[in-house]
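The values are calculated or read from the model by the stated rules, or taken from the named source; none is laboratory data. This structure is a prediction, so every number in the text was calculated from the model and none was measured. Positions of Cβ are generated from backbone atoms using ideal geometry, with glycine treated the same way; all protein chains shown enter the neighbour counts.
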Amino acid sequence: METNNNSKKIVILGLILLIVAGLIVVALKGFRVSLLFGKHEIVELKVGKAIDKQVVEEICQEIFQGKRYIVKELEVFGDSFQINVEAITDDEKANLIQQVNEKFETNKTIEDLHINSIANKRLRDIIKPYILPMLLVFSIVTIYVLIRFRKIEAFKIVFEYLWKIILTQIVVVSIIAIIRIPVNDLLINGLMIMAIAQLVWFINRAENRLTSSKEV
């Protein structure tokens, strides 16, 4: 019994330290966002002939060493491409045009590059579209639980699943902040799915308790 209590205390202490470490990292560095969520440049070029995306990838790998970038094909005919990159210098622009002209036998100039600067997205703006749907889901489920499980301490069930789901999300988000996982749509959707999966698990467990109480 004492060993179990000591184990619980160690786990609780570990979670507290993890959350505190996550808060410190967020306060000092903030979250690491994906390239498309952070400040970056969008570089577009209409080559005028069919391009090979893999060739463009190789050009970018040579030019943007140490920088994050994403290459996309544009237009239906596949004769244009877009590069999302952290930043691009004048030398890199000139090098990009030179490489494109060599690889695709064109006569493009730096003036043919269309470059747009994208500002850094605030985290609250990123998660804002998810807030209302999640609040709606949890509100509906809470009302359902209060009605469905009124005979087996419905308020206790609601309190339990709320604080455990919130704690799990805080712990996971702390880990994300500490190990610097880039925040993107996929990651946010994963957190939402995790919360809903926990919610379903708690409801199933409550259903089993309700069934057991009826049998007794």
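Look at VAL100 and say whether it is in a helix (DSSP H, G or I), outside the structural domain of GLU57 (by TED's automatic domain parsing) and touching a residue at least 12 places away in the same chain (Cβ under 8 Å).
No.
Any idea which residue in the range 118-158 is modelled with the lowest pLDDT, counting only those that are over 28 Å from ARG32 (Cα atoms) and not in a helix (DSSP H, G or I)?
GLU153
Taking the range 164-210 as the search range and keeping residues that are among the basic types (Lys, Arg) and touching a residue at least 24 places away in the same chain (Cβ under 8 Å), which one is surrounded by the fewest Cβ atoms within 10 Å (Cβ to Cβ)?
ARG180
Filter the range 48-68 for residues that are surrounded by 19 or more Cβ atoms within 10 Å (Cβ to Cβ) and at pLDDT 90 or above; which is farthest from ASN107 (Cα to Cα)?
This residue is PHE64.
PHE159 versus (1) under 30 Å from SER213 (Cα atoms); (2) touching a residue at least 60 places away in the same chain (Cβ under 8 Å): which is the lone unmet condition?
If we test PHE159 against (1) under 30 Å from SER213 (Cα atoms); (2) touching a residue at least 60 places away in the same chain (Cβ under 8 Å), just (2) comes out false.
Which count do you get for residues in the range 100-117 that are surrounded by 15 or more Cβ atoms within 10 Å (Cβ to Cβ), within 17 Å of TYR69 (Cα to Cα) and either under 32 Å from the mean Cα position of the chain (by Cα) or among the polar types (S, T, N, Q) (or both)?
1
Which pairs do you get when a residue that is within 30 Å of VAL85 (Cα to Cα), found in the range 12-35, comes within reach of a residue that is assigned to a helix (DSSP H, G or I) and of a type in the set (S, T, N, Q), reach meaning Cβ atoms under 9 angstrom, with the pair 6+ apart or on two chains?
Short answer, once both residue conditions are applied: GLY22/SER174; LEU23/SER174; VAL25/SER174; VAL26/SER174.
The conditions are (1) modelled with pLDDT under 90; (2) surrounded by 15 or more Cβ atoms within 10 Å (Cβ to Cβ); (3) under 20 Å from PRO129 (Cα atoms), and TYR161 fails exactly one of them. Which is it?
(3)
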